[in-house]
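Just below is one structure, and these are the notes that go with it.
The values are calculated or read from the model by the stated rules, or taken from the named source; none is laboratory data. Please read all numbers here as calculations on a predicted model, not as lab measurements. Glycine gets a Cβ as well: all are built from the backbone with ideal geometry, and neighbour counts include every protein chain shown. Ligands, DNA and RNA are stripped out before the accessible areas are found, and what is left, the full protein with its side chains, is counted by its heavy atoms. Shrake-Rupley method; radii C 1.70, N 1.55, O 1.52, S 1.80 Å.
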Amino acid sequence: DLITLALDAEKSWNLEVGARLYVAGAVSLQVTAFYLDFSNQIVEPSLSAGSVAQAQLANQGATRHRGVETAAGVDWGVLVGWPFSLNTELKHTYADARFSRDRFLRHPSGDTVNIRGNRLPYAPEQRWVLSGTLALPAGLTLKVDGVRVGEQFADNFETRDPSSNGRNGLIPSYLVWNAAASYHILGTSLTSVVTIKNAFDERY
């Protein structure tokens, strides 16, 4: 069946400002502040209803995103003088994404609610990434990273108690560990890669 979506144009003003610092090729620091002002943001509603094919896009109205991204990394191999690279990096993102103008929606309870000031669904405020990468001269590279995502809401009303169908409610924070190994065959352009996502089978 052909589905026609009555979507308005998505428009926004975006501003980013940041700085990078590198010290002796071994230490790196980065910080970026961002501001996004949408007159209309188009998002996907909850996918918990079924397959991705059933999901539709929706006008969410005016939204405002403000935040800071930071990163700090150290290559201990360069710093100490080892014959291999051992790079550790910590990244953090803080993002405050909210509805910025009056928007009245009918709550499942039947009341009409103004969601201005509410956080956007599926928009965690905090995200951390800790990674370590070992690169050997023989062409072998090993990487491990942990990703921690802060709590987020699944609907526009900031509902905390989960519904039976999973479309509403607070999604708790979670931590996922990933691992990867790659081997570059010296003298060729070939590289083999093995990746493990969610190594400890964390459910969230």
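Working note: Debye formula, equal point scatterers on the alpha-carbon atoms of region 130-204, no solvent; log10 I(q)/I(0) at q = 0.13, 0.15, 0.22, 0.26 Å⁻¹ is -0.58, -0.66, -0.95, -1.10. The alpha carbon centroids of region 72-122 and region 126-204 are separated by 15 Å.
Take every Cα pair under 8 Å whose residues are at least 6 apart in sequence, average their separation, divide by the length of the chain, and the relative contact order is 13 percent.
Taking all protein chains into account, the per residue accessible area for region 45-204 stands at 61 Å² (1.4 Å probe).
The phi torsions of region 195-204, fed into the Karplus equation with coefficients 6.51, -1.76 and 1.60 and a -60° offset, translate into couplings of 10, 10, 9, 6, 4, 9, 6, 5, 9, 8 Hz, rounded to whole numbers, with Gly and Pro shown as x. Each helix, a run of at least 4 DSSP H residues, gives -39500 (n - 2.57); summed and divided by the residues of the chain, these come to -500 deg cm²/dmol at 222 nm. Ordering GLN126, LEU136, GLY187 by Cα displacement along the dipole of region 37-195 toward the positive end leaves GLN126 in first place; charges were set at the Cβ atoms of Lys, Arg (+1) and Asp, Glu (-1). Simple point charges give the picture: +1 on the Cβ of Lys and Arg, -1 on the Cβ of Asp and Glu, and for the chain a dipole about the Cα centre of about 180 debye. With viscosity 1.002 mPa s and temperature 20 °C, the Kirkwood radius over alpha carbon pairs of region 70-204 converts through Stokes-Einstein to a diffusion coefficient of 118 µm²/s.
Surface listing: TYR94, TYR204 arranged by accessible area from highest to lowest gives TYR204, TYR94, probe 1.4 Å. Applied to region 153-163, the Karplus parametrisation 6.51 cos²θ - 1.76 cosθ + 1.60 on θ = phi - 60° returns per-residue 3J(HN,Hα) values of 9, 9, 8, 6, 9, 6, 5, 8, 7, x, 8 Hz, with x for Gly and Pro. In the chain, the portion of solvent-accessible area held by carbon and sulfur atoms comes to 57 percent [1.4 Å probe, whole percent, DNA, RNA and ligands not counted].
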